[in-house]
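*Asks:* Take a look at the following structure, please.
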Amino acid sequence: MHNGHAENTMNPFLKIIAGLWGLVLIAGIALIFWMKYGEDSGSVLELFVSAETDPEVAVDAQHLISNYCIDCHGPDKQKGKVRFDQLNTLSSEDYVELLSDAKESVYYGEMPPEDEPQPTDEEREQLLAWLSSHLDDSADNKLADKMRYPHYGNLVDHDLLFNGEIKDEAYTPARRWLVSPQIFQERVMDVFELEGRDRDSIKQRGFYGVVNPFVMPSQSGVRDYDTGELGGGHLLVMMNNAKWIAGKQIYATKLGIPNGPKVEPENPKDNWYPRDYEPQAFIDILSQSGKPTEEQLIAAIHTQFGLTLKRKATDQELEVYLDLMRSVGEIGDNEAVLTKMCTAVLLKSEFLYRIEFGGGESDEYGRTMLSPREAAFSISYALGDQGPDEELFKAAEEGRLQTKADYRREVERLLADENYYRGQVDPILNGSSAKSVVTSHPRIVRFFRDFFGYPNASNIFKDPERAEGRFVNPRRGTTGTPGAVINEADMIVTWHIEHDQNVFENLLGSDKYFVYDLMPAEKGYATVDEWREVWEKLKDTPWETESKKVYDEYARYLASKKSISLRDNRRRKPENDMRLYMRFFADHFGKGITPMPIVPWQHGYQKHHSIVYGLPPTPSSARYYDWKKVSEEDRDRDFWDYALEQPFSIPNRKGILSHPAWLIAHSHNFQTDPIKRGRWIHEKLLAGRVPDTPITVDAQVPEDPHRTFRDRVVEVTSAPDCRKCHIHMNPVGLPFEMFDDFGRSRSEEQLEHPDNLIKTGDGELTFNTYSTLPIDPSGALSGTGDPALDGDVKDAIDLIDRLAKSDHVRQSIIRHAFRFYMGRNEMLSDSQTLIDADRAYVASGGSFKAVIVSLLTSDSFMYRKDLKD
Amino acid sequence: MNTRRNFLKTALLGVGAGSMWPRDLFANAPAALAGAGKVPTRFVFIHKGNGLMPHTLVPPSFSKDLMDKEKNKQAYSVDLDGHSLPDFMAPLAGHHKNLTILQGLSGKMCTTGHHTWCSSLGAYKANEQISSIKWATVDFELAKLYPSPFEHIELACFPSGGGNSRGNIEGIEKGFSARGPQQPNYAFGSPKVAMQELFKSVSNDKAAQLMYEMDRKVLELVSGRERVISEMLDGIEHQKALNYTDSVDSILVRNRKIEEMSDIIRQHIPKLPDAYINSDTLSTLDRQDGLNEIMISTLISGMTNVATFTVDELGTPYTGLPKLETEQVNLHEIGHNKGYGGLDAPAIRDTVCHQHMNLVNKLVSRLKATPEINGEGNMFDNTVVMYFPDNGETHHSVGTEWPFVVLAGDNTPLKIGRRYIRLPKHGVEGHKTLGNWYTTLLNAYGNPIDHFGAMDVELDKFGIHQKGPIEQFLA
């Protein structure tokens, strides 16, 4: 049996009508069970045959349950508190729930467990048929519905998707797909016709009166699926949003009326409005005191439809919106008439959905191609957050979006366009010390952010003392160390995407990283070279003890150096600043290493996190201001030999999976999380699936101050019930124990417990030291399908090297890319789409843009099929 | 697949401020409104800025032994009978038997310091970014248990400065509660706007009536159009469209129900002095009193069972304080020990807190004076009022303490009445956090959640158990 998509496998769940044979067989079955289980069995038997059960099916099912289930779910054992020998004691509701869960487990191949004897495909189908006969359609629907959600994507058989056996014509179900938070913001900006800097500004800070009604789930993996739907919560938020947006539309329009009355904002503190906002149809209504004409009302409706939905109102829509305006006009003034119409259009569900139903005639497979207008939006939203550009709209209007070649032309054009979608990857990262990366196609970076899940680092809080006080938790005005490393992960992802060669292999296996990346290399070299010159000139002077004298002597020289800024005011004397520089230079040039090209006493300086990459630290300003307090031991401290050219190689680290952002995101507040890390690899790279932790499991790692975390994890997950899932996670998660929960490399694990305290620190300059035990980073890889790669691994680096070489891993990433661009799980009928995308990647030398082009010109992307109930 | 039932569940959480009132839905309307049903429990969260200093809550009549324990932060519990309350708490003297002074909770999982945003109600580190809102705050979780037409009402004397400005303190702004992840709630900043929005269905003001009518027309149009769309679709897409239509319809139904409540709402509509409605003459104390009156009305009329009231925040400018009528007191400066008008900072803190106690007294007394909807006892019997700081123990707080003054009616299942309780201090075995306290509340009233709130990494560090309710309060 394979785990195909719902449509291919739901049909076997046919209802079978019981015949007269039933009564005879019931007696037979009862006898078998009575012989095996005694008195309890009689109750089972009557439940094995329902009014819709084929008696033969019942007999088969009875045997199958007896052979494969009863040992663990019968009189002797009741694993998971499930037993099939006392069905008669269950209420009808519990009975249906149990069989429904059983059906799911059998369908998904979760039961029987892997280490137990397995039924044949035929037997599994028989069991499913029997279970179906006891359940109504709702159970099948429930199963089919589940298959639409991200967590179930990997249930579709990987080999079948890629071995070419499936030749079905691909399609996507006709649908409405909720817009993403980013698209929502763009749509609101469109209502206000914002452009250029006004638009950029809003992207940075958002609208004062608009709350984004959409929240992406926080788990790693593709999150923007078509499964979302508008509900009460969205409506409540949108009602307030619509009121604010419509209010601003009207306010801005009134401001633009020539010689119009003076207008004040409703809220004096919220005085933003779109500049030069002059929809003529609105002006016409607002600038007259009499009742508007029907033509004016119609023009206003079309205008609001255009601003909000990018189309004109249909005749039917015109009729109802006209009714509303007339009706409001009976009790309100022209402003109320216009405001309420604008509000009503903003509350249309269409404003919040992407519409993809297809248009025109169905082909022989029952599919229709996206209408040109739908195609224009689908293409544009695949590549960015904005709606179609002028050229794409034009192509749609002129009938030039109807063939694969048309799609390819537009997709390639927009991928080559450096400006249309240009923007920051994640404005939330902007803070006092960091700015989010700007790139031509931020949405491509967002795919890899979703896939790797490293932005979740911002949800982890650490005790800074455990990292020498150099870890800063997110707080007001800064996203702290998590934000900094997320941004640096964005930088390297963007760098690989922009180079567009062997993208997957590099993201997994490259040893290149950005850390701080303070300025372009050229500028950095110029600064450091000038500093070095100053150091060489002054190093033998008594700059520390007679700084005033030295400064006076070299004042003109120092003033000529642009990279040196000596403050001269009431608080600061230039000779003191000179001394700060020289102390800083002594720490670096004096030891033959390169300093960062900014000084630590620069306003807003927050560069403390190099240690999470396993690099030496960078100095703080306090060190130089309080030089006299720095102990002799600390004065000799080694700092990072800064890399002016970035990205640069960091030894013993490979790709995103050893990037601190990923490691922190996949850690606990206080510990690593080998299980989460292992699960990620199993599900995202090996196309495997791990069921959710059963609610009956108390998933706690035992406390023991004298053992490593690995030991304790292994112990608690070794129980037979746990092992069946953890066998997929632990061997690929434990190798990451070579990194601690901050991302620092380590060979020893500090046993952070009062029992193991060796040295107590003050928590500011000195920190607690604990006894340690060596870490064991060994593990094992299985599931790549390549005997050259599967096998024992010595550590995470070894594991990553193997993963980066695996075809299976590459295909798994392609599957996730498919989900990102299609907004849904793959079905078996998408097999050709996936194979083509994989081939495109390989043939192009690892171009992700080639994957995008392939996906966006596939049948899966272009065709829709209307699926009935 | 979401269903109409799911919508009802989510929409019930959605009570914030807004001029077009979306809110529930009467699936479980209060008995007085629906005609029958269980008596709800009411919860009122009143929080203040600038910290609440634990030592100010210690009854002065405590023995030296108790005072020593207090000083050393040793755990103990004392019956409040026979003890006098601190002077500033004098207004609560008449509610002595319902009173609990709860000391020793910590809130290091919260943002601390000057401002804390949704931290004190959510038990997580929040900031001004909506993205920092991790989950619904505890007041909204409790509101789920006792649905009401408005579900939840938030009122706030907003800060106008001090790093957490809400801009327009007279209007409807993002509050300190959250409806869900990344979903801020909205609060009413002035008695005027709260009156307009909450009572517009019974308003005598012609313009307000017309606006209400026009909003209804808009919703009816949206409902009609979306139903047309749903009828054109099949399968999942049909259900999706229907869900939105049902959402709109539910609000229309809710509004109709509120209209049906108009008699009872009119009966309890606050009668505020004109000065409270005019922002030019409104002192901070008037604002507090006006918002308090409105809150009392919404609770008594059954419009909501849960209310959150920000009596002040660090950036709230204070005017109208007794003996300081001519001063505009800046709480931040009080936090830095600056005096005003001849009073030192501690005395002004006492004056401010005394004013808060007046508000609490008014709330409790009014609920006590109102018969419960089933005729058994009074409304306060089924009410829990909590007064606490939004940021912990002091002006520059670090969250080691988070004092609570609790007033609970006789029917509360919480075993804390009439006690002064000091819990084990932070880092000591048995210590309890804000999360434990909120978990206790939720568990006691029917939400079996294992733990509400984020973990304190400092406690986490040494494996100190910090999940679950405070068992002794549930015993």
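*Asks:* Every residue in segment A:819-861 that is assigned to a helix (DSSP H, G or I) and touching a Gly at 6+ places or on another chain (Cβ under 9 Å), please. Working first, answer last.
*Replies:* Step one: filter segment A:819-861 for residues assigned to a helix (DSSP H, G or I), giving A:819-822, A:828-843, A:848-856, A:859-861.
Scanning segment A:819-861 gives A:Arg819, A:Leu828, A:Ser831, A:Gln832, A:Ile835.
*Asks:* Can you spot a residue in segment A:284-300 that is facing another protein chain (nearest Cβ under 10 Å) and over 41 Å from the mean Cα position of the chain (by Cα)?
*Replies:* Checked against the condition, which is being facing another protein chain (nearest Cβ under 10 Å) and over 41 Å from the mean Cα position of the chain (by Cα), segment A:284-300 yields no hits at all.
*Asks:* For A:Ala559, indicate whether it is surrounded by fewer than 12 Cβ atoms within 10 Å (Cβ to Cβ), of a type in the set (A, V, I, L, M, F, W, C) and either modelled with pLDDT of 95 or more or closer than 24 Å to A:Lys523 by Cα (or both).
*Replies:* Yes: the conditions hold for A:Ala559.
*Asks:* If you don't mind, there's one more thing I want to ask. For segment B:381-411, give me each residue that is part of a loop (DSSP other than H, G, I, E, B) and either over 18 Å from the mean Cα position of the chain (by Cα) or hydrophobic (A, V, I, L, M, F, W, C) (or both). Even if it seems obvious, please write down each step before you answer.
*Replies:* Of all residues in segment B:381-411, those part of a loop (DSSP other than H, G, I, E, B) come to B:390-403, B:409-411.
Those that are part of a loop (DSSP other than H, G, I, E, B) and either over 18 Å from the mean Cα position of the chain (by Cα) or hydrophobic (A, V, I, L, M, F, W, C) (or both): B:Glu393, B:Thr394, B:His395, B:His396, B:Ser397, B:Val398, B:Gly399, B:Thr400, B:Glu401, B:Trp402, B:Asp410, B:Asn411.
*Asks:* Among A:Phe452, A:Phe504, which is at pLDDT 95 or above, out of contact with any Cys (no Cβ under 6 Å at 6 or more places or on another chain) and over 28 Å from A:Asp200 (Cβ atoms)? Don't jump to the end; show me each part of the working.
*Replies:* Details: A:Phe452 fails: over 28 Å from A:Asp200 (Cβ atoms).
None of the others qualify; the one that does is A:Phe504.
*Asks:* Among the numbered criteria (1) over 19 Å from A:Gln700 (Cα atoms); (2) more than 14 Å from every other protein chain (Cβ to nearest Cβ), which one does B:Phe452 miss?
*Replies:* The failed condition is (1).
*Asks:* Please verify whether segment A:233-246 includes one or more residues that are modelled with pLDDT of 90 or more and polar (S, T, N, Q).
*Replies:* Within segment A:233-246 (the criterion being modelled with pLDDT of 90 or more and polar (S, T, N, Q)), the answer is yes, since at least one residue qualifies.
*Asks:* Would you point out which residue out of B:Gly417, B:Gly430, B:Gly463, B:Gly446 is more than 22 Å from the chain's Cα centre (by Cα), away from chain A (no Cβ under 14 Å) and not in a helix (DSSP H, G or I)?
*Replies:* Values: B:Gly417 fails: more than 22 Å from the chain's Cα centre (by Cα); B:Gly463 fails: away from chain A (no Cβ under 14 Å); B:Gly446 fails: more than 22 Å from the chain's Cα centre (by Cα).
Answer to the check: B:Gly430.
*Asks:* Which of the following residues is in a helix (DSSP H, G or I) and acidic (Asp, Glu): B:Asp65, B:Asp81?
*Replies:* Working: B:Asp81 fails: in a helix (DSSP H, G or I).
Testing whether each residue is in a helix (DSSP H, G or I) and acidic (Asp, Glu) leaves just B:Asp65.
*Asks:* I need every pair where a residue in segment B:431-458 that is of a type in the set (D, E, K, R) has its Cβ under 9 Å from the Cβ of a residue that is in a helix (DSSP H, G or I) and modelled with pLDDT of 95 or more, sequence separation at least 6 or different chains.
*Replies:* Between residues of segment B:431-458 that are of a type in the set (D, E, K, R) and residues that are in a helix (DSSP H, G or I) and modelled with pLDDT of 95 or more, the close pairs are B:Lys432/B:Thr440; B:Asp450/B:Thr439; B:Asp456/B:Gly435.
*Asks:* Please verify whether A:Ile444 is surrounded by fewer than 24 Cβ atoms within 10 Å (Cβ to Cβ), in contact (Cβ under 8 Å) with a residue 12 or more places away in the chain, in contact with a helix residue (DSSP H, G or I) (Cβ under 7 Å, 6 or more places away or on another chain) and of a type in the set (A, V, I, L, M), treating the condition exactly as stated. Reasoning before the result, please.
*Replies:* Working: surrounded by fewer than 24 Cβ atoms within 10 Å (Cβ to Cβ): no; in contact (Cβ under 8 Å) with a residue 12 or more places away in the chain: yes; in contact with a helix residue (DSSP H, G or I) (Cβ under 7 Å, 6 or more places away or on another chain): yes; of a type in the set (A, V, I, L, M): yes.
No; evaluated as a whole, the condition is false for this residue.
*Asks:* Further question: All but one of (1) over 25 Å from B:Tyr212 (Cα atoms); (2) hydrophobic (A, V, I, L, M, F, W, C); (3) without any contact (Cβ under 8 Å) to a residue 40 or more places away in the chain; (4) surrounded by fewer than 21 Cβ atoms within 10 Å (Cβ to Cβ) hold for A:Leu309; state the number of the condition that does not hold.
*Replies:* Only one criterion is unmet by A:Leu309, namely (3).
*Asks:* Go through (1) more than 30 Å from the chain's Cα centre (by Cα); (2) more than 14 Å from every other protein chain (Cβ to nearest Cβ); (3) buried (at least 17 other Cβ atoms within 10 Å of the Cβ); (4) not aliphatic (A, V, I, L, M) for A:Pro258 and report which single condition fails.
*Replies:* So A:Pro258 meets the others, but not (3).
*Asks:* Also: Any idea which of (1) more than 10 Å from chain A (Cβ to nearest Cβ); (2) within 14 Å of the chain's Cα centre (by Cα) is the one B:Phe199 doesn't satisfy?
*Replies:* Only one criterion is unmet by B:Phe199, namely (2).
*Asks:* Right, another one. Would you please name the residue that is nearest to the chain's Cα centre (by Cα), looking only at residues in segment B:306-335 that are part of a loop (DSSP other than H, G, I, E, B) and over 30 Å from B:Val384 (Cα atoms)? Full working, then the answer.
*Replies:* First, pick out the residues of segment B:306-335 that are part of a loop (DSSP other than H, G, I, E, B): B:311-316, B:319-328.
After this cut, where a residue has to be over 30 Å from B:Val384 (Cα atoms) as well, the list is B:323-328.
Details: B:Lys323: 29, B:Leu324: 28, B:Glu325: 28, B:Thr326: 30, B:Glu327: 28, B:Gln328: 26 Å.
My answer is B:Gln328.
*Asks:* Let me ask something else about it. Name the residues in segment A:187-214 that are assigned to a helix (DSSP H, G or I) and within 14 Å of chain B (Cβ to nearest Cβ), would you? So that I can check it myself, show each step before the final result.
*Replies:* Kept after step one, since they are assigned to a helix (DSSP H, G or I), are these residues of segment A:187-214: A:187-191, A:196-205.
Once the filter is applied, which keeps residues that are assigned to a helix (DSSP H, G or I) and within 14 Å of chain B (Cβ to nearest Cβ), segment A:187-214 yields A:Gln204, A:Arg205.
*Asks:* Say we look at segment A:406-436 and pick out the residues that are small (Gly, Ala, Ser) and under 23 Å from the mean Cα position of the chain (by Cα); which of these is nearest to B:Ser131 (Cα to Cα)?
*Replies:* First, pick out the residues of segment A:406-436 that are small (Gly, Ala, Ser): A:416, A:423, A:431-434, A:436.
From what is left, the residues that are under 23 Å from the mean Cα position of the chain (by Cα) are A:423, A:431, A:434, A:436.
Values: A:Gly423: 20, A:Gly431: 14, A:Ala434: 17, A:Ser436: 16 Å.
Among those residues, the one meeting the criterion is A:Gly431.
*Asks:* In this structure, does A:Arg176 turn out to be part of a strand (DSSP E or B), on the phi < 0 side of the Ramachandran plot and either in contact with a strand residue (DSSP E or B) (Cβ under 8 Å, 6 or more places away or on another chain) or at pLDDT below 85 (or both)? Full working, then the answer.
*Replies:* Working: part of a strand (DSSP E or B): yes; on the phi < 0 side of the Ramachandran plot: yes; either in contact with a strand residue (DSSP E or B) (Cβ under 8 Å, 6 or more places away or on another chain) or at pLDDT below 85 (or both): yes.
For A:Arg176, the condition - part of a strand (DSSP E or B), on the phi < 0 side of the Ramachandran plot and either in contact with a strand residue (DSSP E or B) (Cβ under 8 Å, 6 or more places away or on another chain) or at pLDDT below 85 (or both) - is met.
*Asks:* Can you name every residue in segment A:426-462 that is within 16 Å of A:Asp224 (Cα to Cα) and either away from every other protein chain (no Cβ under 14 Å) or hydrophobic (A, V, I, L, M, F, W, C) (or both)?
*Replies:* A:Pro442, A:Arg443, A:Ile444, A:Val445, A:Arg446, A:Phe447, A:Phe448, A:Arg449, A:Asp450, A:Phe451, A:Phe452, A:Gly453
*Asks:* Give A:Asp552, A:Asp529, A:Asp568 a once-over and let me know the one that is farther than 23 Å from A:Asp587 by Cβ and assigned to a helix (DSSP H, G or I).
*Replies:* Numbers: A:Asp529 fails: farther than 23 Å from A:Asp587 by Cβ; A:Asp568 fails: assigned to a helix (DSSP H, G or I).
Just a single option satisfies the conditions, and that option is A:Asp552.
For (1) more than 8 Å from chain B (Cβ to nearest Cβ); (2) small (Gly, Ala, Ser); (3) touching an Asp or Glu at 6+ places or on another chain (Cβ under 6 Å), each residue gets a yes or a no:
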| residue | (1), (2), (3) |
| --- | --- |
| A:Arg311 | yes, no, no |
| A:Thr314 | yes, no, no |
| A:Tyr321 | no, no, no |
| A:Asp333 | yes, no, no |
| A:Val337 | yes, no, no |
| A:Met341 | yes, no, no |
| A:Leu346 | yes, no, no |
| A:Leu352 | yes, no, no |
| A:Gly360 | yes, yes, no |
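*Asks:* On to the next question. Is it the case that some residue within segment B:111-119 is touching a strand residue (DSSP E or B) at 6+ places or on another chain (Cβ under 7 Å), over 29 Å from A:Lys269 (Cα atoms), more than 9 Å from chain A (Cβ to nearest Cβ) and touching a residue at least 40 places away in the same chain (Cβ under 8 Å)? Please lay out each step first, then the result.
*Replies:* If we filter segment B:111-119 for residues that are touching a strand residue (DSSP E or B) at 6+ places or on another chain (Cβ under 7 Å), which is where we start, we get B:111, B:117-118.
Retained after the next criterion (residues that are over 29 Å from A:Lys269 (Cα atoms)): none.
Within segment B:111-119, none of the residues are touching a strand residue (DSSP E or B) at 6+ places or on another chain (Cβ under 7 Å), over 29 Å from A:Lys269 (Cα atoms), more than 9 Å from chain A (Cβ to nearest Cβ) and touching a residue at least 40 places away in the same chain (Cβ under 8 Å).
*Asks:* Kindly provide the set of residues from segment A:751-788 that are surrounded by 14 or more Cβ atoms within 10 Å (Cβ to Cβ), within 14 Å of chain B (Cβ to nearest Cβ) and in a loop (DSSP other than H, G, I, E, B), ordered by number.
*Replies:* Answer for segment A:751-788, where residues must be surrounded by 14 or more Cβ atoms within 10 Å (Cβ to Cβ), within 14 Å of chain B (Cβ to nearest Cβ) and in a loop (DSSP other than H, G, I, E, B): A:Leu751, A:Glu752, A:His753, A:Gly761, A:Phe767, A:Asn768.
*Asks:* Pull up segment A:648-674, narrow it to residues that are of a type in the set (Val, Ile, Thr) and closer than 16 Å to A:Asp798 by Cα, then point me to the one that is nearest to the chain's Cα centre (by Cα).
*Replies:* Pass one, segment A:648-674, residues of a type in the set (Val, Ile, Thr): A:650, A:656, A:664, A:672.
Among the residues that remain, those that are also closer than 16 Å to A:Asp798 by Cα are: A:650, A:656.
Working: A:Ile650: 26, A:Ile656: 14 Å.
Among residues in segment A:648-674 that are of a type in the set (Val, Ile, Thr) and closer than 16 Å to A:Asp798 by Cα, the one nearest to the chain's Cα centre (by Cα) is A:Ile656.
*Asks:* Right, something else. Count, please, the residues in segment B:466-475 that happen to be part of a helix (DSSP H, G or I) and surrounded by fewer than 20 Cβ atoms within 10 Å (Cβ to Cβ).
*Replies:* Within segment B:466-475, the first condition is being part of a helix (DSSP H, G or I), and the residues that meet it are B:471-474.
Pick out the ones that are also surrounded by fewer than 20 Cβ atoms within 10 Å (Cβ to Cβ) and you get B:471-472, B:474.
Residues in segment B:466-475 being part of a helix (DSSP H, G or I) and surrounded by fewer than 20 Cβ atoms within 10 Å (Cβ to Cβ): 3 in total.
*Asks:* Also, quick follow-up: Looking at B:Met303, B:Met261, B:Met295 in this structure, which one is more than 14 Å from chain A (Cβ to nearest Cβ) and more than 21 Å from the chain's Cα centre (by Cα)? Full working, then the answer.
*Replies:* On the way: B:Met303 fails: more than 21 Å from the chain's Cα centre (by Cα); B:Met295 fails: more than 21 Å from the chain's Cα centre (by Cα).
Just a single option satisfies the conditions, and that option is B:Met261.
*Asks:* Here is a follow-up. Within segment A:704-750, can you find the residues that are small (Gly, Ala, Ser) and surrounded by fewer than 23 Cβ atoms within 10 Å (Cβ to Cβ)?
*Replies:* Step one: list which residues in segment A:704-750 are small (Gly, Ala, Ser), which gives A:718-719, A:733, A:743, A:745, A:747.
Of everything in segment A:704-750, those that are small (Gly, Ala, Ser) and surrounded by fewer than 23 Cβ atoms within 10 Å (Cβ to Cβ) turn out to be A:Ser718, A:Ala719, A:Ser745, A:Ser747.
The values are calculated or read from the model by the stated rules, or taken from the named source; none is laboratory data. Just so it is clear, the model here is predicted, and its values are computed rather than measured. Here Cβ is always computed from backbone atoms with ideal geometry, including for glycine, and neighbour counts include all displayed protein chains.
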